[in-house]
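The structure under discussion appears below in the form of structure tokens.
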Amino acid sequence: MRAVEALPPLTFHEVDGERWPDLLRLFEARGGPSYCWCMVWRRMPDESQRRDRASKKAALAGSVAAGTPVGILGYAGDEPVAWCSIAPRETYRPLAGPIDPADERGAVWSLVCFFVPRSLRGRGITRRLIAAAIDHAGSRGARVVEAYPVDPDSPSYRFGGFVTTFADAGFEEVGRAGSRRHVMRYRIAPGQTRGA
């Protein structure tokens, strides 16, 4: 069995205009998610337009330029090595989570996908991304982080993570979204910091 090389400590940063080139580097590397640009669940400026790679990339770039939260990057030193889409639920298309009329705008943030290069998988990066996403959302005023993972044998939507990983992180199942996605929620306590 091959030994797994230890990762240096990871740091996490919100994607903004300054960090956009790092997201490009990660997404456009071999095996990166440049086919979707993490736009599967996001609202497009013009929902009727063609949803090809170029339009998806432009839409994500437009959100970043407008200051709309889109997610966080994980760094090993100065190198971006992981991505997590975490943003206010209203910046996405309907995701099938429970709607509480009492929730203020921005109170529920949705964690919809991850990307970790194949060479770095199996080292616990997703768990660290979840912890960092909770801290990030909480620092921006979220009271709930909602996720949509699948069972490990699911043939699709695996980019959203697995139910067991979220359960281990303290998320509770609150419903289903279609036949494959579970809806899971984590309630953020005031002043909570988990640390990644």
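What follows is calculated from the coordinates using simple rules that are stated; it is not laboratory data. The structure displayed is predicted, hence computed values, not measured ones. FYI the Cβ positions are ideal-geometry reconstructions off the backbone, even for glycines, and counts take in every protein chain you see.
Nearest 20 debye, what's the magnitude of the dipole of the range 11-81 about its Cα centre given +1 on Lys and Arg Cβ and -1 on Asp and Glu Cβ?
Taking the Cα centre of the range 11-81 as origin, the dipole is about 400 debye.
Packing-wise, with mean Cβ within 10 Å as the measure, how do 131-144, 10-23 rank, highest first?
My ranking of the peptides, most packed first, is 131-144, 10-23.
Roughly how many debye, to the nearest 20, is the charge dipole of the range 10-187 about its Cα centre, given +1 on each Lys and Arg Cβ, -1 on each Asp and Glu Cβ, and no other charges?
Magnitude of the dipole: close to 500 debye.
Note the per residue figure in Å³ for the convex hull of the C-alpha positions in the chain.
135 Å³
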